[in-house]
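The values are calculated or read from the model by the stated rules, or taken from the named source; none is laboratory data. Just so it is clear, the structure is predicted and the values come from calculations on it, not from any experiment. Quick reminder, even Gly has a Cβ in these numbers, built from the backbone with ideal geometry, and neighbours come from all protein chains shown.
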Amino acid sequence: MHHDKKFAVVNPSKMCQPMGAVQALLGVKNTMPLIHGSQGCSTYMRFQLIRHFREPIEVASTSMNEKTVIYGGEFNLMKALKNITEKQSPDMIVVTSSCLTETIGDDMAGIIEKFKDANLDNELPVIIPVSTPSYVESHVEGYNRTIKALVEHLATPSVPNGKINIITGNISPADCKQVKDLLYQLNCDSIILTDTSENLDAPLTEETLSLYNEGTSIEEIEDTANSLGTISLSKHVDSAAIFLEKKFGVKSISGPLPLGFENTDQFVTSVCELGDLEIPESVEKDRGRLLDAMVDAHSYNFHRKVAIFGDPDFVSGMTRFTSELGMIPSVVCTGTESERFTEDVKLISKEKGINPVILAGGDLFDMHQAIKKAGADILIGNAYGASTAKEENIPLLRVGFPIFDRLGAQRISVLGYKGSIEFVDKITNTLLDFYYDEAGYEIVDEKTEEILREEGDEGFEEDFMSKEEI
Amino acid sequence: MPYKLFDVDKEIPERKKHTYVKHCSDPEECMPHCNTTTIPGSMSERGCAFAGAKGVITGALKDVVHVVHSPVGCTFYAGGTKRYPTSPNMPDGSKFPIENFNLKYVCGTDLMESDVVFGGMKKLKQSIIEAAQEFPEANAIYAYATCTTGLIGDDMDAVAKELTTELGIDILAFNAPGFAGPSQSKGHHIANHTLFDRLVGTKEPPTTTPYDIGLIGEYNIDGDLWILESYFKEMGIRILSRFTGDACHDELCFMHRAKLNLVRCQRSATYIADLIKEKYDVPYINVDFFSTKYCAENLRTIGKYFGLEEEADKVIADRMAKVTPELEFYKKKLTGKKVYIFSGGPKSWHLAIPLENELGMEVTAVASQFEHEDGYVKMKNRTREGTLIVDDPNSMELEEMITKDKPDLILAGIKEKYMAHKLGVPSIMIHSYENGPYIGFEGFVNLAKDMYSNIYNPVWNMIDFEENPAPEETEIDVESGETPENEAKVSK
């Protein structure tokens, strides 16, 4: 029996701010993320990141212990900055706080100044502090704050560069490539914040750099002040864009994530408007191919119920895309409490005539309970959805972070026309594998929409409507 | 000069005393400096005390709900990460209704800023009550302090005490916040003491036999414990209490009734064996079941203790007959291969001699994230002259070692795995295994098989690093399609 829990989180669907900060920094060239906290934070995060990307990933720590907790973290932070500077000579060290150092109230900016003063004769990397208390919001906000901190510290106006800044949010390296490729086709020069495409999907070269020699450079971040505009693919990571707009008049466009047909159209329109660009034939062709794939798939996908969880803009984007495919999103869940998310999904629901259970700030336990009631033929999300999918006997289509039980998480692509085509193939084939026999006939008779409507439990939706408001 | 400073450490000379090169004539006290504060910015791979308590010790229990009193991160990262399978079998013959319950669920208090300011006690209390409502099957609830809650001073023991009475099941508080101690080892220590203080001696087992043992420090990684259990069962010995692999909460409560305790992981669990010995006079012996030789020796010791020598010999003979042909094949293939063992703690000394003597490999470096002196003494005793013994190593040091020394294989964790791959060196996860279990006779074959299949995979021949041509011999094997099964047939 499910009780309405109000306090506990069971199997969270969000991570803490420092993780978002690290995710953002993995796309910055020659930069070391340094978590000012106890040793466990960096190790836990590296564990999640490495098993997802299957790449060597380094995250430094100030390794606070009980003694330094009492006297403050100045000694540890100074020591860590010294060791990293001397040993790895990065271009930049980004120091992110943790729940520990936020609670003891360490003045990271002050300590960094002190470190700089003590090393006036030495060449130092750029050092930027970011406040990322783990007890405020989620990893999504950590990502957002980190990009903002980078831009605040570095963006410098000089001459217009004719480029468009793209804040990606936490997307896969493959999706980062898709976005870059689309921009290239559109003949649009861009600055990607941040570019994980090479760093987190690296060739085998006998080099295992603890610092990445690819990714967004400091110079590029400085140059963001001179761009035509900034497009934040995820609405939840647009603080840097708003800063650039306010301070340097760089126009800001927030979202939507170019996932699926309509959203990619909107992204292409935004890019073309900002850059005064024409849509080339190659992009038109990719768009046509996506439509073709959707048409080819439609009879298999139609009216399949889908449950989706992950980061807020991914979930809302996927809600729209699966609706475009004629599927019925039945449960949509994000761990981050966000009104923007709820509004987005409500808008999509109205437009598409769907009525999903919306869990904003929900956990995977809530989601599982909702799936039991609302039903789902397929679940889309990260590897933590596996036990729910198994118990409900539905397939889990793995997209998001973390995915540690399958190979190739860095190569999963859903963005742009091309990524969307990959996704259409993948979801349709997953459904074919699961619900169709080898001759291509459906194994289980699926219910029609009318029956579904008859079975719909109105009271249940109201229950969850009230939960959104919490 | 028994200590070595890596090139990558020339700016951090403090690291020198953590890296010892074994020299047989060195005095006893020569060993790596260990169990000390981690050097900030050294890129250490250590975890925190909370990870040591929940991740290592208590996360293996099959019927307990875990409530992490933390901002959401610690709860997320602590969920279902370690490969600790559980069976539904309970000591009274009943079945626990949820399969792999320990891996499926983790609860947390999801602390917000206001909780940090005003205290998180109320939220903790409510969360535990809700966890009890959500999971009425659970036989106990364990709550964990983390950095934040350790700092704001929430009195978790008071909450645990109050709710134990209110809910009628044991509620435990583990005060092992992330910043406690130099490494996860502190969390093992705190968890041992908490479990002993709160549980041991509070319940009686449903039945007892003269052949009841406690298996301490065996966490059932990928089914290790089940292998050992099968040996004991055949010998007529019953595992009364497991600490804590595939254990239930009640087993910990009647640990004091074992006739003999066996301590398997001597780093993380000797504490509780000592405490039980002191208070309840239950003797314990340190055991080592990795490899055929150690396993046989230790089964004989245990058999002797209970007067079951013949039974032990029977188990040993039976298993040896099964594994010997395969091990012979692997020994042939693995002889002369250079290997590093980078374990969390004891596996570095458990495996050093077996890999050398039983499989013909050369162990040229061992390391540990959190061992103490006693562990390094064993490492020193069980390694060959010139072996590098590293305390709290980091990936840059490992990279330097691999680049200079070019091992054929490293046994390490997932954090080192892909770095080794980039350098063209295969790596096996020794913390949570590849295709385990790795313990006992059959387990040692699994380990040998994994090492063989990693080293001999044709992919390594395709990597064309300039000054590092791939060894040619590996190709031959792939083409001939030689397998241990074929080999065994031929030899017959």
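Yes/no per residue for (1) assigned by TED's automatic domain parsing to the domain that holds residue A:153; (2) in contact (Cβ under 8 Å) with a residue 12 or more places away in the chain; (3) closer than 19 Å to residue A:29 by Cβ:
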site: A:199; (1), (2), (3): yes, yes, yes
site: A:206; (1), (2), (3): yes, no, no
site: A:210; (1), (2), (3): yes, yes, yes
site: A:213; (1), (2), (3): yes, yes, yes
site: A:216; (1), (2), (3): yes, yes, yes
site: A:231; (1), (2), (3): yes, yes, no
site: A:243; (1), (2), (3): yes, yes, no
site: A:246; (1), (2), (3): yes, no, no
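Any residue in the range B:17-34 that is among the basic types (Lys, Arg) and surrounded by 24 or more Cβ atoms within 10 Å (Cβ to Cβ)? No.
In the range A:50-69, of all residues being more than 7 Å from chain B (Cβ to nearest Cβ) and surrounded by fewer than 24 Cβ atoms within 10 Å (Cβ to Cβ), the one that is farthest from residue A:87 (Cα to Cα) corresponds to A:52.
Starting from residues that are of a type outside the set (A, V, I, L, M, F, W, C) and surrounded by 19 or more Cβ atoms within 10 Å (Cβ to Cβ), keep the ones in the range A:379-391 and report whichever is nearest to residue B:76 (Cα to Cα).
Checking each candidate, the answer is A:384.
Taking the criterion of being surrounded by fewer than 23 Cβ atoms within 10 Å (Cβ to Cβ) and facing another protein chain (nearest Cβ under 7 Å), the only residue of the range A:70-81 that qualifies is A:79. Being β-branched (Val, Ile, Thr) and buried (at least 24 other Cβ atoms within 10 Å of the Cβ) holds for only one residue in B:402, B:439, and it is B:439.
In this structure, does residue B:376 turn out to be within 30 Å of residue A:63 (Cβ to Cβ) and of a type in the set (Phe, Trp, Tyr)? Here the answer is yes, as residue B:376 does meet what is asked.
Out of the range B:104-163, which residues are hydroxyl-bearing (Ser, Thr, Tyr) and under 24 Å from residue B:81 (Cβ atoms)?
Correct list: B:105, B:109, B:127, B:142, B:144, B:146, B:148, B:149.
Suppose the filter is more than 21 Å from residue B:28 (Cα to Cα) and over 17 Å from the mean Cα position of the chain (by Cα); does residue B:355 pass it? Here the answer is yes, as residue B:355 does meet what is asked. Scanning the range A:180-207 for residues that are farther than 20 Å from residue A:49 by Cβ and either at pLDDT 90 or above or within 16 Å of the chain's Cα centre (by Cα) (or both) turns up A:180, A:181, A:182, A:183, A:184, A:185, A:186, A:187, A:188, A:189, A:190, A:191.
Got a sec? Which of B:11, B:99 is free of Cβ contacts under 8 Å to residues at least 24 places away in the same chain and facing chain A (nearest Cβ under 8 Å)?
The unique qualifying residue is B:11.
Among the residues of the range A:95-129, those identified as under 28 Å from the mean Cα position of the chain (by Cα) and within 24 Å of residue A:67 (Cα to Cα) are A:95, A:96, A:97, A:98, A:99, A:100, A:101, A:102, A:103, A:108, A:109, A:129.
Which members of the range A:110-131 meet the condition of being basic (Lys, Arg) and either in contact with a Leu (Cβ under 8 Å, 6 or more places away or on another chain) or not in a helix (DSSP H, G or I) (or both)?
Once the filter is applied, which keeps residues that are basic (Lys, Arg) and either in contact with a Leu (Cβ under 8 Å, 6 or more places away or on another chain) or not in a helix (DSSP H, G or I) (or both), the range A:110-131 yields only A:116.
In summary, helices (runs of 4 or more DSSP H) completely within the range B:377-470 and bearing 1 or more residues that are among the charged types (D, E, K, R) and outside the structural domain of residue B:228 (by TED's automatic domain parsing) occur at B:395-405, B:414-422, B:440-455. Among the residues of the range A:84-100, those that are at the interface with chain B (Cβ under 7 Å from one of its Cβ atoms) and either farther than 27 Å from residue B:151 by Cα or surrounded by fewer than 23 Cβ atoms within 10 Å (Cβ to Cβ) (or both) comprise A:84, A:86, A:87. Taken over the range B:102-127, the criterion of being among the hydroxyl-bearing types (Ser, Thr, Tyr) and either under 24 Å from the mean Cα position of the chain (by Cα) or facing chain A (nearest Cβ under 7 Å) (or both) is satisfied by B:105, B:109, B:127.
Checked against (1) away from chain A (no Cβ under 14 Å); (2) farther than 19 Å from residue B:346 by Cα, residue B:175 meets all criteria but (1).
For residue A:146, the criteria (1) assigned to a loop (DSSP other than H, G, I, E, B); (2) away from every other protein chain (no Cβ under 14 Å) hold in every case but one, which is (1). Checked against the criterion of being touching a strand residue (DSSP E or B) at 6+ places or on another chain (Cβ under 6 Å) and among the basic types (Lys, Arg), the range A:178-199 contains not a single residue that satisfies it. Quick check on my filter: what residues within the range B:43-60 are within 15 Å of the chain's Cα centre (by Cα), in a helix (DSSP H, G or I) and facing chain A (nearest Cβ under 7 Å)? B:51 - this is the single residue of the range B:43-60 that is within 15 Å of the chain's Cα centre (by Cα), in a helix (DSSP H, G or I) and facing chain A (nearest Cβ under 7 Å). I'd like to check something: does the range B:281-290 contain any residue that is assigned by TED's automatic domain parsing to the domain that holds residue B:220, outside any loop (DSSP other than H, G, I, E, B), touching a residue at least 60 places away in the same chain (Cβ under 8 Å) and not aliphatic (A, V, I, L, M)? The answer is yes, given that some residue of the range B:281-290 is assigned by TED's automatic domain parsing to the domain that holds residue B:220, outside any loop (DSSP other than H, G, I, E, B), touching a residue at least 60 places away in the same chain (Cβ under 8 Å) and not aliphatic (A, V, I, L, M).
If you take the residues in the range B:20-42 that are away from chain A (no Cβ under 11 Å) and touching a His at 6+ places or on another chain (Cβ under 9 Å), which one is nearest to residue B:138 (Cα to Cα)? Result: B:35. Residue-level analysis places residue B:25 outside the set of residues that are in contact with a strand residue (DSSP E or B) (Cβ under 7 Å, 6 or more places away or on another chain), hydroxyl-bearing (Ser, Thr, Tyr) and assigned to a loop (DSSP other than H, G, I, E, B). As a summary of the residue check, residue A:42 satisfies the conditions (1) touching a helix residue (DSSP H, G or I) at 6+ places or on another chain (Cβ under 7 Å); (2) more than 7 Å from every other protein chain (Cβ to nearest Cβ); (3) without any contact (Cβ under 8 Å) to a residue 60 or more places away in the chain except for the one numbered (1). With respect to (1) β-branched (Val, Ile, Thr); (2) surrounded by fewer than 24 Cβ atoms within 10 Å (Cβ to Cβ); (3) over 25 Å from the mean Cα position of the chain (by Cα), the lone exception for residue B:72 is condition (2). When residue A:13 is tested against the conditions (1) facing chain B (nearest Cβ under 8 Å); (2) among the hydroxyl-bearing types (Ser, Thr, Tyr); (3) not in a helix (DSSP H, G or I), the lone failure is (1).
Just the residues that are part of a loop (DSSP other than H, G, I, E, B), under 30 Å from residue A:385 (Cα atoms) and not hydrophobic (A, V, I, L, M, F, W, C), please, taken from the range A:276-307. Reasoning before the result, please.
The first filter runs over the range A:276-307 and keeps only residues part of a loop (DSSP other than H, G, I, E, B), leaving A:276-280, A:302-304.
Restricting the remaining residues to those that are under 30 Å from residue A:385 (Cα atoms) gives A:302-304.
Result: A:303, A:304.
The criterion of being assigned to a helix (DSSP H, G or I) and in the same structural domain as residue B:441 (by TED's automatic domain parsing) holds for residue B:356.
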